[in-house]
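The block underneath contains the structure these notes are about, expressed in structure tokens.
The values are calculated or read from the model by the stated rules, or taken from the named source; none is laboratory data. Just so it is clear, the model here is predicted, and its values are computed rather than measured. As a convention, Cβ positions derive from the backbone with ideal geometry for all residues, glycine included, and neighbour counts pool all protein chains shown. All accessible areas refer to the heavy atoms of the entire protein, side chains included, with ligands and DNA or RNA removed. Shrake-Rupley method; radii C 1.70, N 1.55, O 1.52, S 1.80 Å.
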Amino acid sequence: ACAYGGFNSIVFHKEGGSEIRDIEHNCNKSTFTWLKNSLMLFYIGNNNHTNGILKNRRTDEEGFQIRKAMKRLAQDMIDWIQDGVKLEAFGEILNLGYIYKIESGCGAVSAEFESAYRLALDAGALGVKPTGANGGFLLLACHEKDKPAVRQALCHLKEVEFGFEKEGTKIIYNG
């Protein structure tokens, strides 16, 4: 969806193929503004142990149910951004995604990530999730007033500025 630009969901069809859905168009505008302003991204840089992450994936019934719950979280996120319910719900969704990932056996995160996860929550982050293989990045959401405390707690990590791009992928330099 990032190649398309905007804020989208990707629907994968059982019979094959996929569909990109624009969810920004139908979202609660104040909730979307809060989301854009609340996200922070930090680089942990420990993504060198990614081989075999899926080898540990649970294949039992409980593992299957956890992965179904993870899939439902994506719809919960869409519902949240469209309905504009309490802002803290976004953090809860991020945290549940992380917990489900660990419980499913797919969540290979490092001790560094787990430490940063705890520091961010203790400093006021509403929710935190790993991004990138082995949790090489930490994506979090927090209220504007809590950002300085979170930055201080994670001062040993590199903060990466980012934003949503409406126009999608484009070539900036072709030298």
Among residues of region 65-88 being among the basic types (Lys, Arg) and within 14 Å of residue 104 (Cα to Cα), the residue surrounded by the most Cβ atoms within 10 Å (Cβ to Cβ) is 67
Subset of region 60-84, residues part of a loop (DSSP other than H, G, I, E, B) and within 23 Å of residue 11 (Cα to Cα), comes to 84
Of the residues in region 108-133, those that are buried (at least 19 other Cβ atoms within 10 Å of the Cβ), more than 16 Å from residue 87 (Cα to Cα) and touching a helix residue (DSSP H, G or I) at 6+ places or on another chain (Cβ under 7 Å) come to 108, 109, 113, 119, 120, 129, 130
All conditions in (1) crowded, with 19+ Cβ neighbours inside 10 Å; (2) closer than 29 Å to residue 27 by Cα; (3) of a type in the set (Phe, Trp, Tyr) are true of residue 164 except (1)
Among 49, 143, 156, the single one that is touching a helix residue (DSSP H, G or I) at 6+ places or on another chain (Cβ under 9 Å), open to solvent by 70 Å² or more (accessible area, probe 1.4 Å) and modelled with pLDDT of 85 or more is 156
Of those in region 1-39 that are part of a loop (DSSP other than H, G, I, E, B), open to solvent by less than 80 Å² (accessible area, probe 1.4 Å) and in contact with a helix residue (DSSP H, G or I) (Cβ under 9 Å, 6 or more places away or on another chain), the residue farthest from residue 166 (Cα to Cα) is 28
Checked pairs for region 1-22, first free of Cβ contacts under 8 Å to residues at least 40 places away in the same chain, second surrounded by 11 or more Cβ atoms within 10 Å (Cβ to Cβ) and polar (S, T, N, Q), C-beta under 7 Å and 6 or more apart or across chains, list as 1/8; 20/8; 21/8; 21/9; 22/8
